[in-house]
1. Return the percentage of antiparallel bridges among DSSP beta bridges fully within the stretch 168-250, rounded to the nearest 5 %.
2. Let me know the volume per residue of the alpha-carbon convex hull for the stretch 100-238, in Å³.
3. Determine, from the Cβ-Cβ distance of GLU241 and VAL51 and an R0 of 41 Å, the FRET efficiency 1/(1 + (r/R0)^6), rounded to the nearest 0.05.
4. Quick one: which residues, 5 or more positions from ALA187 or on another chain, have an amide H under 5 Å from its amide H? H modelled 1.01 Å from N in the peptide plane, none for Pro or chain starts.
5. Over the chain, what is the percentage of antiparallel beta bridges among all DSSP beta bridges, to the nearest 5?
6. What whole number of Å gives the distance from the Cα centroid of the stretch 208-226 to the Cα centroid of the stretch 39-81?
7. Counting Lys +1, Arg +1, Asp -1, Glu -1, what net charge surrounds MET109 among other residues with beta carbon under 14 Å of its beta carbon?
8. Projected onto the charge dipole of the stretch 19-158 (+1 at Lys/Arg Cβ, -1 at Asp/Glu Cβ, origin at the Cα centre), which of TYR111, VAL101, LEU153 gives the Cα projection farthest towards the positive end?
Amino acid sequence: MKNFLLTILVTIYSTGVSANQPKEWQLGFQDAASQGMRDIVSFHNNILLPVIIAISVFVLFLMIYACIRFRASKNPIPSKTTHNVTVEILWTLIPCLILIVMAVPSFKMLYKQDTIPKAEVTIKAVGYQWYWGYEYPDENIIFESYMVKEEDLKKNQPRLLTVDNEIVVPVNKVVKVLITANDVLHAWALPSFGVKRDAVPGRINETWFKAEKIGTYYGQCSELCGIQHAFMPITVRVVSEEKYIEWLSEAKMKFAKEPIINNEYKKLVSK
Ligand SMILES: [Cu+2]
């Protein structure tokens with residue numbers, strides 16, 4: 001019994017120091033790596049959770065109380081009460097107040113996430129059935145990012161989360177992500193950054209993050225998009241400024257987008 005309790009405790013608390021990917025038996029969120037995610041975690045832990053626990057305990061108490069106090073053996077002649085104005089006003093007003101208490105900080109956070117600061121790096125993510133395509137529009141870089149199959153994984157590469165070409169971004173810089181899709185709805189989601197946006201064909205959604213810690217972060221497509229929905233992970237490698245510049249110069253050679261010559265451009269426009 002002692003061992004069992006210990007295992008549960010270790011499982012709960014070890015999630016607090018987990019890295020940037022989901023863990024077996026994980027409870028709660030992944031570690032936050034951006035201010036946005038820290039806001040979400042503290043809203044959940046300090047407002048939502050206490051409110052939900054209080055309501056659950058209160059309702060449980062009411063049910064137990066009603067079962068005992070109004071049981072058939074004690075009340076052979078049932079009461080015929082149908083209305084009680086005070087109770088009705090209270091059970092309308094109190095939930096309204098609870099919702100307002102939850103809504104105010106929630107909207108504040110939503111608006112904060114929606115205001116994109118001046119971006120230092122811009123990335124375009126395009127969802128395809130079933131992989132992600134990425135573009136660095138300012139850098140002439142374009143590449144595709146496929147999941148690495150289980151048999152090809154190297155040591156320490158997580159299953160179902162590792163990709164062949166990961167996105168690389170510099171630490172502590174505002175990264176704007178333009179998100180769209182080419183076929184069906186997908187969603188670009190990265191839990192550690194508190195980011196999740198739908199990828200809609202024919203429309204560009206925007207989001208942003210500022211990663212505060214160097215490391216590799218994993219996310220997944222979060223909109224059911226077909227048979228291989230579970231196999232289009234998102235991997236972001238956050239590196240130092242110098243390493244990022246180094247990667248950029250390599251990537252520009254490796255993933256160079258074909259230059260559009262003037263005439264070709266005109267032909268494209270005239271179509
Ligand atoms: Cu998808």
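What follows draws every value from the coordinates through simple rules; no lab data is involved. Just so you know, these numbers come straight off a predicted model, no measurement behind them. Methodologically, a virtual Cβ is constructed for each residue, glycine included, from the backbone with ideal geometry; neighbour enumeration extends over all protein chains shown.
1. Numbers: 18 of 22 bridges.
Within the stretch 168-250, antiparallel bridges account for around 80 percent of the total.
2. Values: hull volume 17.8 nm³, N = 139.
Considering the Cα atoms of the stretch 100-238, their hull volume per residue is 128 Å³.
3. Working: r = 42 Å, r/R0 = 1.02.
Working from the Cβ atoms, E equals 0.45.
4. So ALA187 has HN proximity to ALA199, SER222, GLU223.
5. Numbers: 30 of 42 bridges.
Percent antiparallel among DSSP bridges in the chain is about 70.
6. 38
7. Values: positive: ARG38, LYS108, LYS112, LYS196; negative: ASP39, ASP114.
Around MET109, the charge tally is +2.
8. Comparing the listed Cα positions along the dipole, VAL101 ranks first.
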